[in-house]
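Working notes for the structure below.
The values are calculated or read from the model by the stated rules, or taken from the named source; none is laboratory data. Everything numeric here is computed off the predicted structure, so don't read it as measured data. Please note: Cβ atoms are built from the backbone with ideal geometry, for glycine as well, and neighbour counts cover all protein chains shown. Calculation scope for accessible area: heavy atoms of the full protein, side chains included, ligands and nucleic acids excluded. Shrake-Rupley method; radii C 1.70, N 1.55, O 1.52, S 1.80 Å.
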Amino acid sequence: MNKKTLNDVQVINKTVLVRVDFNVPLVNGIITDDNRIQAALPTLNYLINNGAKIVLLSHLSRIKEEADKAKKSLAPVAKRLQEVLNREVKFVPHTRGLELETAIKALKPGEVLLMENTRFEDVVNGELVKNESKNNDALGKYWASLGEIFVNDAFGTAHRAHASNVGIASNIKENCVGFLVQKELEMLSQGIDNPEHPFVAIIGGAKVSDKIGVIDNLLKKADKILIGGGMAYTFFAAMGHNIGKSLLEEDKIDLAKEYLEKANGKIILPIDSATAESFADVKAIFTDGIDLPDNLMGLDIGSKSIKLFEDELKDAKTVAWNGPMGVFEFENFKTGTVAICEAIAKLKDSFTLIGGGDSAAAAIQLGFKDKFTHISTGGGASLEYMEGKTLPGIEIIQTK
Ligand code: AMP
């Protein structure tokens, strides 16, 4: 990797601004999953042990109006971080101003400060100005002026140009990526840009329109693309099959045709379905073949498709997966997604990668958290990486 990492900068006695991803789920002020806080620990412990004065910035959810601020403070996150770090975390309930500046100046090496939710800057005096989310120049400059080095360790927002990542990075003398982002980039680069062959990609999820970029890019790189989920039915419609009440994007039928022609046999579609009469978690009706009667909708891949996909996967040296094979949230329609998880988990000497978002959530929820080489922490960011796009939050980081 050619981007500067923590090992390329001297942090001792320096005020280091760190963009972390503490966008944790909060229910009535209680953190229901602290994975994102845990994920920042390698970088934070390194900075503590190497005598940096640490200033943390993170967003939490979206702020659209003044009233959102009461429910979306990072105060509970500071408390939890203090517990997991087992040391004091100073929380400043502001994103700018004298109190913040004074607290930062008072930091001693190894001390940690968290400022308030960066997206509070999106609403000023009751007006939705999006200073953080639209990378307001003055805001990026101001935050950059509070420190000497910037570390981007928030992979989840790397595909966005915000003031707290791109804004700070472009206005500070020295910047680098943190350990979490470094690992994400190394893994994604190995899985997508330098895959060992055979390289099998699995693409699922609801819609073709959400995955156009991924299909485009992976058609160039993968040896096979297995397509499941709701999006498969637009492909079936393109082939002239009856898809009953299944999910269909009519305006993507021509594109699906184009992909099938261009793919030259690389695209492998399911050959049967698990269906229901409505979008509900009811007992599955299994159908043989692709054509569905008018009253049924396909909600998962069927057992023959599972077997077909397992066969395609068994010799793969690299697997990249984005999007579930069916409505995995329903007990009766998670079978295909579970089977694919199992088939990938069985590959002992292969590089296996899951893009973030729903497929990562499915793999974790179904108990496969440690069974893959890498599960990305960033849904949108890993999707854009798989599309072959550059990520602005990474692009702006200095090279070695
Ligand atoms: P995505 O975020 O595009 O990866 O889509 C994930 C969503 O697609 C999940 O919430 C699934 O429930 C949904 N999904 C998967 N297969 C189907 C299907 N056959 N019909 C409708 N929705 C589906």
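Any residue at all in region 348-355 that's within 14 Å of the ligand (Cβ to nearest atom), in the same structural domain as Val208 (by TED's automatic domain parsing) and farther than 20 Å from Ile268 by Cα? So far as region 348-355 goes, no, none of its residues is within 14 Å of the ligand (Cβ to nearest atom), in the same structural domain as Val208 (by TED's automatic domain parsing) and farther than 20 Å from Ile268 by Cα. The residue that is nearest to the ligand (Cβ to nearest atom), counting only those in region 308-339 that are among the β-branched types (Val, Ile, Thr) and touching a Pro at 6+ places or on another chain (Cβ under 7 Å), is Thr337.
Residue count for region 368-386 under the criterion of being under 17 Å from Gln190 (Cβ atoms), open to solvent by 30 Å² or more (accessible area, probe 1.4 Å) and either of a type outside the set (Val, Ile, Thr) or in a helix (DSSP H, G or I) (or both): the result is 1. The test for being over 30 Å from Asn194 (Cα atoms) and open to solvent by 70 Å² or more (accessible area, probe 1.4 Å) holds for Glu277.
Identify all residues within region 287-305 that are away from the ligand (no atom under 14 Å from the Cβ) and at pLDDT 95 or above; write none if there are none. Within region 287-305, Asp291, Pro293, Asp294, Asn295, Ser303, Lys304 qualify.
Got at least one residue in region 15-25 being surrounded by fewer than 19 Cβ atoms within 10 Å (Cβ to Cβ), closer than 21 Å to Gly167 by Cα and touching an Asp or Glu at 6+ places or on another chain (Cβ under 6 Å)? Working first, answer last.
As a first pass, look at region 15-25 and keep what is surrounded by fewer than 19 Cβ atoms within 10 Å (Cβ to Cβ): 15, 25.
Those left that are additionally closer than 21 Å to Gly167 by Cα: 15.
Then drop every residue that is not touching an Asp or Glu at 6+ places or on another chain (Cβ under 6 Å), which leaves 15.
Yes, the conditions are met somewhere in region 15-25.
Among the residues of region 2-61, those that are at positive phi and of a type outside the set (Ser, Thr, Tyr) comprise Asn13, Asn28, Gly29, Gly51.
Among the criteria (1) under 24 Å from the mean Cα position of the chain (by Cα); (2) open to solvent by 30 Å² or more (accessible area, probe 1.4 Å); (3) closer than 23 Å to Thr43 by Cβ, the one Lys105 does not fulfil is (1).
Test His159 against the stated conditions and say whether it is within 16 Å of the ligand (Cβ to nearest atom), assigned to a loop (DSSP other than H, G, I, E, B) and at pLDDT 95 or above. Give the steps one after another, and end with the answer.
Values: within 16 Å of the ligand (Cβ to nearest atom): yes; assigned to a loop (DSSP other than H, G, I, E, B): yes; at pLDDT 95 or above: yes.
For His159, the condition - within 16 Å of the ligand (Cβ to nearest atom), assigned to a loop (DSSP other than H, G, I, E, B) and at pLDDT 95 or above - is met.
Scanning region 55-68 for residues that are crowded, with 16+ Cβ neighbours inside 10 Å and of a type outside the set (Asp, Glu) gives Val55, Leu56, Leu57, Ser58, His59, Leu60, Ile63.
Which ones in region 99-113 are not in a helix (DSSP H, G or I) and not charged (D, E, K, R)?
Of region 99-113, the ones not in a helix (DSSP H, G or I) are 106-113.
Hits for region 99-113 are Ala106, Leu107, Pro109, Gly110, Val112, Leu113.
Filtering Asn332, Asn264 for residues that are at negative phi and not aliphatic (A, V, I, L, M) leaves a single hit, Asn332.
When the criteria are applied in full, Glu342 fails the requirement of being over 30 Å from Phe372 (Cα atoms) and either among the acidic types (Asp, Glu) or in the same structural domain as Gly367 (by TED's automatic domain parsing) (or both).
Going residue by residue through region 360-367, is there one that turns out to be surrounded by fewer than 20 Cβ atoms within 10 Å (Cβ to Cβ), in contact with a Gly (Cβ under 6 Å, 6 or more places away or on another chain) and touching a residue at least 24 places away in the same chain (Cβ under 8 Å)?
The answer is no, given that none of the residues of region 360-367 is surrounded by fewer than 20 Cβ atoms within 10 Å (Cβ to Cβ), in contact with a Gly (Cβ under 6 Å, 6 or more places away or on another chain) and touching a residue at least 24 places away in the same chain (Cβ under 8 Å).
Scanning region 140-161 for residues that are in contact (Cβ under 8 Å) with a residue 40 or more places away in the chain and either open to solvent by less than 10 Å² (accessible area, probe 1.4 Å) or in contact with a Cys (Cβ under 6 Å, 6 or more places away or on another chain) (or both) yields Trp143, Ala144, Ile149, Phe150, Val151, Asn152, Asp153, Ala154, Phe155, Thr157, Ala158.
Restricting the first member to region 209-236 and to residues that are at positive phi, and the second to residues that are within 12 Å of the ligand (Cβ to nearest atom), the beta-carbon pairs closer than 6 Å and six or more apart or on different chains are Gly229/Gly204; Gly229/Gly205; Gly229/Gly323; Gly229/Pro324; Gly229/Met325. Consider Lys245 carefully, then state whether it is of a type in the set (Lys, Arg) and either within 11 Å of the ligand (Cβ to nearest atom) or not in a helix (DSSP H, G or I) (or both). Yes: the conditions hold for Lys245. Within region 81-102, the set of residues being open to solvent by less than 70 Å² (accessible area, probe 1.4 Å) and of a type in the set (Lys, Arg) comprises just one member, Lys90. Just wondering, is there one or more residues in region 32-49 that are part of a strand (DSSP E or B), assigned by TED's automatic domain parsing to the domain that holds Gly156 and open to solvent by less than 30 Å² (accessible area, probe 1.4 Å)? So far as region 32-49 goes, no, none of its residues is part of a strand (DSSP E or B), assigned by TED's automatic domain parsing to the domain that holds Gly156 and open to solvent by less than 30 Å² (accessible area, probe 1.4 Å).
Scanning region 193-227 for residues that are of a type in the set (A, V, I, L, M) and open to solvent by 40 Å² or more (accessible area, probe 1.4 Å), we see that the one that is farthest from the ligand (Cβ to nearest atom) is Ile212. The residue that is farthest from the chain's Cα centre (by Cα), counting only those in region 327-349 that are surrounded by fewer than 22 Cβ atoms within 10 Å (Cβ to Cβ) and polar (S, T, N, Q), is Asn332.
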